[in-house]
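Presented below is the structure to which this report refers.
The values are calculated or read from the model by the stated rules, or taken from the named source; none is laboratory data. Since the model is a prediction, treat every value here as computed from it, not as a measurement. Glycine also receives a Cβ, built like all others from the backbone with ideal geometry; neighbour counts cover every protein chain displayed. Just so you know, the surface numbers come from the protein's heavy atoms only, side chains and all, with ligands and any DNA or RNA stripped out. Shrake-Rupley method; radii C 1.70, N 1.55, O 1.52, S 1.80 Å.
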Amino acid sequence: MPFDLHDCLLPDGKLCAELDLYVRLRGRANYAFSERRLYLDVGGSARFNTYFGAFSLHKWQRYTDLKQLRLGLHMDGEVLLRVWGVNGQGGEALVKEWRTTGAAASDGFLISDDLSAMPYASLYVEIVALAPTQVNAVSFSTDQEASRTVGLSIVITTFNRFDDIAATALRLADFLEQANHRGARISAFIINNGDAIDVRETDYLTVLENRNLGGAGGFARGLSEVRALPGFTHCLFMDDDAACEVTALERAHAFLSYSRDAALSIAGAMLKKEKTFVQHEAGAAFDGLVRPLHNGRDLRDYTQVLGNEEPVHINYGAWWFFLFPISQVHRFPFPFFVRGDDIEFSLSHDFRIITLNGVATWQEDFAAKSGPMVTYLSTRSTLVTALLHGGWGRVMLWFAASAMKSAFGLCYDRTMAQCQAAKDVLAGPTFWAEHIDLSERRARLKENTRYEHPVGEGAERFLDDFQFHADEGRLTRLFRMLTLNGHLLPACLFKRVDTVSVDFALSPFTRVAFLRRAVLYKSGGRPIFLARHDKRYFFTVAWRSARLWAALILQAPHLRRAYRRAHGDLTSEVFWKHQFGE
């Protein structure tokens, strides 16, 4: 029986209806989302040179033992069926062509018995109708035995995202049933850190109630559970709000079943929920700070999809989708609660991390999730990760620039949150066990937040979005910097239109705040908060951040030794089981 490797996904449109991510239609061709079926009239064609359709040949050659490749087609009608090979520069060559009918297509088609000899980066399928045709499924498969048995455990941590986790569980339930019926070993574990959720458990989907220890505690609980169960070789960490086509799970499972490297791990790409065709990152690198790789690609463009095939060094897999071998795990997550736990986890292990086109999730833009609490969480994890894994000098420059940028942009509460994060890191490793659930810190940050409170949708009705009409001159920018973005100037010099509305994506947003009494910040068109010019608060947070920055520099050698000594204990299974009450 053929082993399915890569389903050329025909979507239902519920997660994404951007058809050019899946299939390109030409001529007399239509697609029915509700039926997940292609309809081609004579001369109509469908090409799968897309993000979800193209087969990542070079990565299969480089990382797996796969030698034989077949093409499966489920259809009614008569077509010309072609397989095209594409090199890294986009040059195409015809690999195979068949004329077939629905009855003849049932046995599939051999593409190659020696995959290593094929000089392409990617393969894709083209179907041209010679008669009225319906296409139900297109897939790449093999008759070759798998190199290893993969038992996949999916761990999802959730906290009071009731609609998101219900939708995720519903998508997973059918997939798990079908996958296990075909002989795969795949189960999902939902770690519930919050109130009761409406999720139906099955033989392959389990809900585990957990104390709210954040994402770090939820994933640590899931990892502890699956390590104790027989048959699981790999674990997939996924966010509860990560919208994922189930074919991504099938594709990743198949790839690992033929991998030749026991440490091979797969990081799913993040696509933007607001612009479903835009890639935020496909893997990331850490050198003190995180650098998203392949950021901003328009995945409707096949040449940009091919760009994802270029080999790059990845040392960090984000937990919206990170699949890794359990045998390689010797440390559990650092108790950051949330933010940065996935970075530190990756850096603490020798995973060989790759990405695959089509293995991705859609997520909300990070700007919509920003705020003092997020700033606090991100800052402390960035500082500790640099102490443990290097890049301290770069992080110190980032700390100073970030504090200044927030304060210049009237986001004083964020600078104050950075200061609290620095104080907690300076307190040493004992802080983390004492504040593992963050209840006291969350209450304190909320109490100390002066301006950054949510505003209603109606707050923007009297404001037009601000836009720059000319580039800022060097002298003007120098004047802004010398006056601390207007904080040294009297209010009588402020602009006549002293309150504006602006999206956080406009750069630099500090320029918008110059000589303004207030700025209504928005993200994706939605108002977030109203920032107000406050000279006294500015100098308070500026002085505090400068003192703490100096303390971090002076105490760095001591902190580095202390955190590295405590690292093993804070990331041990024993430590986490104690937190779970075991």
statement: The orientation-averaged projected area of the Cα convex hull of region 228-275, in nm², is 4.6
task: Beyond 29 Å between alpha-carbons counts as too far, so tell me which of LYS495/LYS522; LYS59/LYS577; LYS405/LYS495 fall in that bin.
output: LYS59/LYS577
statement: For the chain, the longest principal axis of the Cα atoms and the Cα long axis of helix 535-570 enclose an angle in degrees, to the nearest 10, of 60
message: Assuming 0.36 nm per residue, please report the length gained on full extension of the stretch LEU488 to GLN304 beyond their Cα-Cα distance.
response: 61.6 nm
- prompt: Could you give the alpha-carbon Rg of the chain over 2.2 N^0.38 Å, rounded to two decimals?
  reply: 1.06
query: What does the convex hull of the alpha-carbon atoms of region 91-223 project to on average, in nm²?
result: 12.7
field: Two-decimal ratio, region 320-416, of alpha-carbon radius of gyration to 2.2 N^0.38 Å
entry: 1.26
task: Please report, largest first and rounded to whole Å, the three semi-axes of the ellipsoid equivalent to region 5-160, where each semi-axis is the square root of five times an eigenvalue of the C-alpha gyration tensor.
output: 25, 22, 16
field: region 175-313: radius of gyration and largest Cα-Cα distance (Dmax), Å
entry: 17.1, 46
Cα convex hull volume per residue for region 58-131 (Å³): 84
statement: With Cα coordinates, the longest principal axis of the chain makes an angle with the long axis of helix 392-408, in degrees rounded to 10, of 70
query: Straight-line reach from LYS446: which aspartates and glutamates have a Cα under 20 Å away, not including same-chain ones fewer than 8 places off?
result: ASP413, ASP424, GLU434, ASP437, ASP534
task: For LYS96, list the aspartates and glutamates whose Cα falls under 12 Å from its own Cα; do not include residues on the same chain fewer than 8 positions away.
output: GLU126
- line: Computed, not fitted: 222 nm per-residue ellipticity of the chain from DSSP H runs ≥ 4 (each -39500 (n - 2.57)), nearest 500, equal to -10000 deg cm²/dmol
task: Please give the net charge around ALA121, taking every other residue with its beta carbon less than 10 angstrom from that of ALA121, where Lys and Arg add +1 and Asp and Glu add -1.
output: -1
message: Just to confirm a number: summing +1 for Lys and Arg and -1 for Asp and Glu over residues other than HIS567 whose beta-carbon lies under 10 angstrom from that of HIS567, what do you get?
response: +1
- prompt: Rolling a 1.4 angstrom probe over the protein heavy atoms, how many square angstrom per residue are accessible across the chain?
  reply: 42
message: Please report the net charge: other residues with Cβ closer than 12 Å to the Cβ of ARG37, K and R +1, D and E -1.
response: -2
- request: Please figure out what share of the DSSP beta bridges in the chain is antiparallel and state it in percent, rounded to the nearest 5.
  value: 70
- prompt: Rounded to a whole number, what is D in µm²/s for region 380-450 from Stokes-Einstein with the Kirkwood radius over alpha-carbon pairs (4 °C, 1.567 mPa s)?
  reply: 99
field: Acute angle (nearest 10 degrees) that the helix 412-426 long axis makes with the longest principal axis of the chain, alpha-carbon atoms
entry: 90
Within the accessible area of the chain (1.4 Å probe), percent carbon and sulfur: 51
message: What's the whole-number percent of alpha carbon pairs in region 536-582 lying beyond 14 angstrom?
response: 67
